Amino acid sequence: GGIITQTPKFLIGQEGQKLTLKCQQNFNHDTMYWYRQDSGKGLRLIYYSITENDLQKGDLSEGYDASREKKSSFSLTVTSAQKNEMAVFLCASSPGFQDTQYFGPGTRLLVL
Amino acid sequence: SQLAEENPWALSVHEGESVTVNCSYKTSITALQWYRQKSGEGPAQLILIRSNEREKRNGRLRATLDTSSQSSSLSITATRCEDTAVYFCVDTNAYKVIFGKGTHLHVLP
């Protein structure tokens with residue numbers, strides 16, 4: 001078994017701030033993902049990385065940067081936080097792109 | 001664009017009853033995955049059913065796949081309060097992985 005760790009659990013920022021969310025996995029999976037989930041809605045893919053050193057944009061990449069520092073870690077940066085923004089950011093990993101995804105508990109973002 | 005879509009949007013049942021969630025998808029698939037997300041948690045996969053399979057079971061869960069009508073269903077028998085969650089189907093033939101809005105299931109005591 002393995003685990004996905006997301007830090008921080010809660011993140012409160014101010015408008016215009018650059019905010020970074022971190023994700024670690026010990027499954028030794030090749031592929032990692034970042035999703036955004038707004039209240040009561042589905043998951044929207046922001047960025048994913050098929051292997052170490054790879055980076056692919058999802059449908060919601062504008063306003064975000066991502067970095068796959070090593071196989072086990074994948075970071076997401078909100079480049080300029082929007083006022084009143086509130087969402088949960090979910091990280092996931094899978095052996096390959098179309099395989100079962102294992103999710104972390106999420107980082108809850110609130111921008112004041 | 002959404003590739004797979006669940007219906008209904010929400011439903012409620014009483015504990016012990018059976019329930020079925022449906023999914024329609026738009027592309028040819030190699031597999032379809034069902035996930036469940038409980039409140040405050042990330043999604044967790046329940047069943048992966050491949051395009052050459054018609055039915056797959058996992059305990060009280062049963063998934064079916066009909067490639068001719070591009071539809072799938074997830075049935076839960078003997079529901080429990082802890083089955084209360086959002087249920088998603090995910091098309092895994094797509095180059096992009098897209099989760100729909102899900103079906104919100106509420107199991108009442």
* To do: Within segment B:72-95, track down each residue that is touching a residue at least 12 places away in the same chain (Cβ under 8 Å) and closer than 19 Å to A:Gln98 by Cα.
  => B:Ser72, B:Tyr87, B:Phe88, B:Cys89, B:Val90, B:Asp91, B:Thr92, B:Asn93, B:Ala94
* **Among (1) farther than 17 Å from B:Thr92 by Cβ; (2) modelled with pLDDT under 95 - the single one B:Arg62 does not satisfy** => (2)
* Asked: Taking the condition of a type in the set (A, V, I, L, M), within 11 Å of chain A (Cβ to nearest Cβ) and part of a strand (DSSP E or B), does B:Leu105 pass?
  -> no
* Asked: Any residue at all in segment A:41-52 that is at pLDDT below 95, over 21 Å from B:Ala44 (Cα atoms) and part of a strand (DSSP E or B)?
  -> no
* Structure fact -> From the option list B:Glu41, B:Glu53, single residue qualifying as over 27 Å from A:Tyr35 (Cα atoms) and assigned to a loop (DSSP other than H, G, I, E, B) is B:Glu53
* **Residues that are free of Cβ contacts under 8 Å to residues at least 40 places away in the same chain and within 11 Å of chain B (Cβ to nearest Cβ), drawn from segment A:39-54** => A:Gly40, A:Lys41, A:Gly42, A:Arg44, A:Leu45
* Structure fact -> When segment B:56-92 is checked residue by residue, the ones that are under 14 Å from B:Tyr25 (Cα atoms) and part of a loop (DSSP other than H, G, I, E, B) are B:Thr67, B:Ser68, B:Ser69, B:Gln70, B:Thr92
* Total residues in segment B:25-55, condition away from chain A (no Cβ under 13 Å) and of a type outside the set (Gly, Ala, Ser) -> 6
* Asked: Any idea which residue in segment A:64-104 is farthest from the chain's Cα centre (by Cα), counting only those that are of a type in the set (A, V, I, L, M) and over 22 Å from B:Glu41 (Cα atoms)?
  -> A:Ala81
* Under 8 Å between Cβ atoms, at least 6 apart or on separate chains: pull out the pairs that start in segment B:12-34 with a residue that is within 24 Å of B:Cys81 (Cβ to Cβ) and among the aromatic types (Phe, Trp, Tyr) and end on any residue that is in a loop (DSSP other than H, G, I, E, B) and modelled with pLDDT of 95 or more. => none
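The values are calculated or read from the model by the stated rules, or taken from the named source; none is laboratory data. Every value quoted in this text rests on a predicted model; they were computed, and no experiment measured them. Positions of Cβ are generated from backbone atoms using ideal geometry, with glycine treated the same way; all protein chains shown enter the neighbour counts.
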